[in-house]
Amino acid sequence: MAADDSVFVLGEDVGDKEGGGTFKVTSGLSTKYGTSRVRTTPISEQAIIGTAVGAAVAGMRPVAEIMLMNFITLGLDQLVNHAAKLRYMSGGQTGVPLTVRTATGAGGGFGGQHSDMLEAWLAHVPGLKVVVPSSPADAKGLLLSSIFDDDPCVVIEHTQMYWSKGPAPEPGVRIPLGRAHIARPGRDISVIAYGRPVGEVLALADRLAGDGIEVEVVDLRTISPLDERTVLESVARTRRAVIVHEAVGQFGVGAEISARIGEELHGDLASPVVRVTSANTPVPFSPALESRYLYQIPDVESAIRKACQ
């Protein structure tokens, strides 16, 4: 916001008077930049995204906050039929430099209507860029790139990671969209993940190194556009792959990546590609059931060990 006066924030309760956002992400912004650039809206996701699309077409760079990702369904017409398609339908003449920030994720006992990871829905739409950071530094660097991108971006932040700590990037540093990151090099197997599972997979990889299994961890960072080259180069080296994500497995991001690996590297793999995902049910409200719903790191370890036998 300091770098560009066309950047402004809008969403429910984003102003300091209203609390600075449900997770305090926008706390302090309205005091610093004024209520004309930090606009608290009515409770209408359709209105929030629709207004942001109009502002983006008019030359602004809106950052629209949708409090929880399940509520993004209420604004899908504006996002899917307008923001994502305007550049194509205008013959490339109309960009939509819109960023939608939203939060989601299981583990907090928020129930089935507040916890879904729906990144696969959005990645299925041509024209939308979908970003899922795995660390504080990535959250900042990827958000900066999204805000200054000339096409619509959706940045998905995990509610259980808001209290995680880590080094910050240098001021103004942008992490490029559409490029995966080799978070840990390894020779024996590639584990492909994004968002919250990345940190857990890295910890597992350090443990497995003690048993002589060197895991390469690929952090996608951006779901769409997918950095297919980095993924395929990693799996071509290790000849084994495990894909981990919090969203349910059915028709998910892992299925897409597995298909691409199969199409390009069939015959070169030492073992089948394995997906470890959450259960194919709505997210339970009960803490005991929710913990069983979530992907299990012991299952990731079992898949790695079996593939490396």
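The values are calculated or read from the model by the stated rules, or taken from the named source; none is laboratory data. What you see is a predicted model, and the numbers here were worked out from it, not measured in a lab. Cβ placement follows ideal geometry from the backbone for every residue including glycine, while neighbour counts extend to all protein chains displayed. These accessible areas exclude ligands, DNA and RNA; they are computed on the full protein's heavy atoms, side chains included. Shrake-Rupley method; radii C 1.70, N 1.55, O 1.52, S 1.80 Å.
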* To do: Report the normalised scattering of segment 14-136 as log10 I(q)/I(0) at q = 0.12, 0.20, 0.23 Å⁻¹, calculated by the Debye formula with identical scatterers on the alpha carbons.
  => -0.48, -1.24, -1.45
* With a ≥ b ≥ c taken as the square roots of the eigenvalues of the C-alpha gyration tensor of segment 151-283, please select rounded if a/c is under 1.5 and otherwise prolate if a/b is larger than b/c or oblate if it is not? => rounded
* **Estimated 222 nm signal from helices in the chain, with DSSP H stretches of n ≥ 4 weighted -39500 (n - 2.57), rounded to 500** => -9000 deg cm²/dmol
* To do: With just the Cα atoms of segment 204-275, tell me how far they stretch along each of the three principal axes, in Å, largest first.
  => 34, 29, 20
* Asked: With each pseudo-label sitting 7 Å past Cα toward Cβ, what's the Ser6-Thr35 distance in nm, one decimal?
  -> 2.7 nm
* Can you list the lysines whose alpha carbon is less than 21 Å from that of Lys32, not counting same-chain residues fewer than 8 positions off? -> Lys17, Lys24, Lys140
* Asked: So, how do all the Cα-to-Cα distances of the chain break down into 10 Å bins, in percent, from 0 on up?
  -> 6, 27, 34, 22, 9, 2, 0
* trypsin sites (Lys or Arg not before Pro) within segment 1-80: which are DSSP loop residues with at most 11 other Cβ atoms inside 10 Å? -> Lys24
* Arg101 accessible area, assembled protein chains, probe 1.4 Å, Å² -> 20 Å²
* To do: Determine the distance separating the Cα centre of segment 1-47 from the Cα centre of segment 219-293; give it in Å without decimals.
  => 35 Å
* Among rounded, prolate and oblate, which fits segment 98-153 when a ≥ b ≥ c are the square roots of the eigenvalues of its C-alpha gyration tensor, a/c under 1.5 means rounded, and a/b larger than b/c means prolate? -> oblate
* Which percentage, to the nearest 5, of the DSSP beta bridges contained in the chain is antiparallel? -> 15 percent
* How large is Rg over Rh for segment 35-86, taking Rg from the Cα atoms and Rh as the Kirkwood inverse mean of 1/r across Cα pairs? -> 0.95
* Which is the longest part of the chain that has none of the chymotrypsin sites (Phe, Trp or Tyr not before Pro) sitting in a DSSP loop with at most 13 other Cβ atoms within 10 Å? -> 1-162
* Which whole-percent values make up P(r) of segment 80-237 when all C-alpha to C-alpha distances are grouped in 10 Å steps starting at zero? -> 10, 35, 34, 16, 3, 0
* To do: With a ≥ b ≥ c taken as the square roots of the eigenvalues of the C-alpha gyration tensor of segment 1-73, please select rounded if a/c is under 1.5 and otherwise prolate if a/b is larger than b/c or oblate if it is not?
  => oblate
* Report the label-to-label distance for Ser291 and Glu18 in nanometres (one decimal), using points 7 Å from each Cα along the Cα→Cβ vector. => 3.6 nm
* For the chain, modelled as a GNM with alpha-carbon contacts under 10 angstrom, which of Val235, Val80, Val53 fluctuates the most? -> Val80
